[in-house]
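The values are calculated or read from the model by the stated rules, or taken from the named source; none is laboratory data. As the structure is a computational prediction, the values presented were derived from the model and not from experiment. Cβ placement follows ideal geometry from the backbone for every residue including glycine, while neighbour counts extend to all protein chains displayed. Quick note on the areas: whole protein, heavy atoms, side chains included, nothing else; ligands and nucleic acids left out. Shrake-Rupley method; radii C 1.70, N 1.55, O 1.52, S 1.80 Å.
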Amino acid sequence: MADRLAATGVLLVGGGSERFGSPKALASFRGEPLGERAWRTLSAVCDEVVAVGKADDEVELPFAVIDDGAAERAAVFGVIAGLRAATHETCLVLPVDTPLVTPALLHELVAASAIPQTGPLPGVYTKSMLPELEARVARGELSLRGVNPTVADVDPALLLNVNTPTDFVVALAEAFDEPIADARPVAAPDGAAFRELSGDFWATALWAARKLRKGEVFLGVDAVNGSMKRALVTLMSWHALAVDAEADVLDAGRQVERWADPGALTALERAYAHYDLRDAARGLWATIDLFQGLEEETARRLALARELDHPDLRRRVADVVRDPRHGATL
C-alpha cells in the first residue's frame, strides 16, 4: 500500500439508524465496530481524519465526533462540516455503513478525484465545493448528486451499504473472503512449532476416539473435521515448503488447492467424516494416516526431530476405536 495521502478523510458517523435498529457505528463487524473499522480504513489512506455526526446521538467512539450543526439528517450536512474542519483541500468522504470499502478502493477515488459509478458516496470532495454545497442547502436541496461530476469505475461489490440487519448479514458473508487479500505467507517451522502441532494433533485424535467410543458422534465428528483437519492443513503447508522452499504457501489453508501436494489433497478429500459413528471412525483413521505420513516426510526433509512414538499412539487410539476400514467392528 502506498504512503498516506495529503488529504483529509471525513467519516460520516451517521445517527439513529432507524432502519438498522441501533447506531450503525457501534455495530460489530468481524469483531470490530463499524465506526472504528471505517476510521481505520480512512487512516490507512489519509494523513488526517475527522469524524462528523450529531452530538446529541452520544455515540461512544474512541475518537472525537464533530457536530454537523444541522437539525435535519442528511449526508450533505456531514460533508459540509467535514470540509470546513479539514486542513487539506482534498477530502475523502466515507459513510460509516460501507464496511467492505478497502484502502485500495479509496486510493483509486483520490487518484481520480472522483466518486464511484454507483453514487456520490464514498467519494472525493474539495473545499472549493463548499459554496455550491452551502447554496444547495440554502435552497433546500440536500442531494450530493452532481457536486463532483467525475466518476471512477470501481468494484461495486465493495460499495455495499448496510441499511438494515439483512444488509449487514450480506456484508458479513462478502467479508469472509477478506483475509485472502491480506493472507500471510507461511514460514517453515522450527522444532518447537513442529512438536507443538504434532502433540496437539495426536491428543485431539485420542480425545475424538474417546468421544466416539461413548457414542458422542457430534463431538467426535466435529474434532475429526475441525481441529484435526486444521492441524493437518498446517502440516500440509509445512510439507509444501519442505518440498519447495520457494513455494508460495499461504496461511490458514488459503488457496490450499494451489500449493498442496496433489496426493495429499486427494487423501484429504477422502478423510472427511459423515455424521455417522462408523464413518466418523473411518474419517478419524484416514486423517491419522495422512497426518502421520506427512509428519514423517516433513520431519525428514526439514531435519526436524520426531519425539512421538507413532506405533504407540496408534495402538492407544485403536484400543479406544478400531479402524473400521479393515473389517473391524465398533
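Selection over the stretch 102-160 of residues that are crowded, with 17+ Cβ neighbours inside 10 Å and either among the aromatic types (F, W, Y) or part of a loop (DSSP other than H, G, I, E, B) (or both) gives a count of 11.
Of everything in the stretch 215-273 that's among the aromatic types (F, W, Y) and surrounded by fewer than 16 Cβ atoms within 10 Å (Cβ to Cβ), which residue is farthest from L302 (Cα to Cα)? In this case the residue turns out to be F218. For E269, the conditions (1) assigned to a helix (DSSP H, G or I); (2) under 20 Å from A203 (Cα atoms); (3) without any contact (Cβ under 8 Å) to a residue 60 or more places away in the chain are fulfilled apart from (2). Counting only residues that are touching a residue at least 12 places away in the same chain (Cβ under 8 Å), among the charged types (D, E, K, R), part of a helix (DSSP H, G or I) and open to solvent by 40 Å² or more (accessible area, probe 1.4 Å), the stretch 290-330 holds 6 of them.
Suppose we keep only residues that are farther than 22 Å from H107 by Cα and surrounded by 18 or more Cβ atoms within 10 Å (Cβ to Cβ) within the stretch 43-63. Which one would you say is farthest from the chain's Cα centre (by Cα)? Top of the filtered list is K54. Considering each residue of the stretch 148-169 in turn, at least one proves to be within 18 Å of A38 (Cβ to Cβ), acidic (D, E) and out of contact with any strand residue (DSSP E or B) (no Cβ under 8 Å at 6 or more places or on another chain). For T90, the conditions (1) open to solvent by 30 Å² or more (accessible area, probe 1.4 Å); (2) on the phi > 0 side of the Ramachandran plot are fulfilled apart from (2). Within the stretch 181-213, the set of residues being touching a Phe, Trp or Tyr at 6+ places or on another chain (Cβ under 9 Å) and assigned to a helix (DSSP H, G or I) comprises A193, F194, L197, S198, F201, W202, A205, K211.
In the stretch 22-42, the residues that are surrounded by 17 or more Cβ atoms within 10 Å (Cβ to Cβ) reach residues that are among the basic types (K, R) with C-beta atoms within less than 9 angstrom, at least six apart or across chains, in these pairs: F29/R37; L34/K24; G35/K24; R37/R30.
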